[in-house]
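Reviewing the structure listed below.
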Amino acid sequence: MISWSLYIYVFFLAHVKFLFAASIAEATTNLSFTEILVSSTLGAVFCFNVFFFISKSIFHSNTTSKWVSYFKPKKRKKNFKKRNRIIVKIKNSNGGFLLLCTLAPLFLSIPIGTFVVVKFYGKRRYTYFYVTTLLVFTSTLLTYLNHFIFH
């Protein structure tokens, strides 16, 4: 019988290092494919849910903007450089939305990636659904690659 500590280990490992959670779990534990899949998927989706709603309440609430406006310095004239223009074009394009929602939680870690996604695209309608679906799909793909191909 496997203790619950291994499931909890993979669950919290998916919070911090989602890209490598299945690899580390495969190498350090004796869990099966489905156990690693369920633990890492639940960990990723749980962490995304927590940080999505926390960051959404931070970035998109009316009460915080009222308080922040008191402490902001006076506005200066903005200096747009070529790099800033490229960032704005990517942010406003549909491909930028898909790219950032796909890669930010994967490569930055789920908490930091979620903050970035909510900062740029928190008011879009399908952001939550898209990132949640993508996390489930990516977790399945990574677990499959680690268990069946590299084993």
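Here, each number is a calculation from the coordinates, and none is a lab measurement. Treat the numbers as computed from the prediction; the structure is a model and nothing was measured. Neighbour counts run over all protein chains shown; Cβ positions are idealised from the backbone, glycine included.
May I ask you to order 87-94, 101-108, 29-36 by the average number of other C-beta atoms within 10 Å around their residues, highest value first? All intermediate terms of the calculation are to be shown ahead of the outcome.
Details: 87-94: 11.1, 101-108: 18.0, 29-36: 15.8.
In decreasing order of mean packing, 87-94, 101-108, 29-36 become 101-108, 29-36, 87-94.
What size of dipole, in debye to the nearest 20, comes out for the chain about its Cα centre when the only charges are +1 on Lys and Arg C-beta atoms and -1 on Asp and Glu C-beta atoms?
2000
Using only the alpha-carbon atoms, how far is helix 62-71 inclined from the longest principal axis of the chain? Give it as 0 to 90 degrees, nearest 10.
Around 60 degrees separate the two axes.
For labels at residue 5 and residue 103 in the simple 7 Å Cα→Cβ model, what's the distance in nm?
In this crude spin-label approximation the distance works out to 3.9 nm.
Spin-label point model (7 Å from Cα, Cβ direction): what's the residue 77 to residue 141 distance in nm?
4.7
Relative to the first principal axis of the alpha-carbon coordinates of the chain, what is the inclination of helix 18-28, with its axis defined by its Cα atoms, in degrees from 0 to 90 and to the nearest 10?
20
Relative contact order for the stretch 71-151: what percent, with Cα pairs under 8 Å and sequence separation of 6 or more? Could the numbers behind the result be given before it?
Details: 25 pairs, mean separation 14.3, N = 81.
This gives 18 percent for the stretch 71-151.
Once both labels are modelled 7 Å past Cα along the beta-carbon direction, what's the residue 59-residue 12 spacing in nm?
Result for the modelled spin labels: 2.7 nm.
For helix 110-121, report the angle its Cα long axis makes with the longest principal axis of the Cα atoms of the chain; keep it between 0 and 90° and round to the nearest 10°.
Here the helix axis deviates by roughly 40 degrees.
Would you list the P(r) distribution for the chain, with all Cα-Cα distances sorted into 5 Å bins from 0 and each bin expressed as a whole %?
The percentages, shortest bin first, are 1, 9, 16, 16, 15, 14, 10, 7, 5, 3, 2, 1, 0.
Considering only Cα-Cα distances, which of the following residue pairs are longer than 32 Å: 17/78; 81/123; 17/91?
Values: 17/78 37 Å; 81/123 26 Å; 17/91 25 Å.
Check vs 32 Å cut-off fails for 17/78.
Could you state the number of Å between the C-alpha centres of the stretch 25-60 and the stretch 106-124?
Value for the Cα centre distance between the two parts: 15 Å.
Suppose a student asked you for the relative contact order of the chain, using Cα pairs under 8 Å spaced at least 6 residues apart; what percent would you report? Numbers along the way, then the final one.
Values: 130 pairs, mean separation 52.6, N = 151.
Value for the chain: 35 percent.
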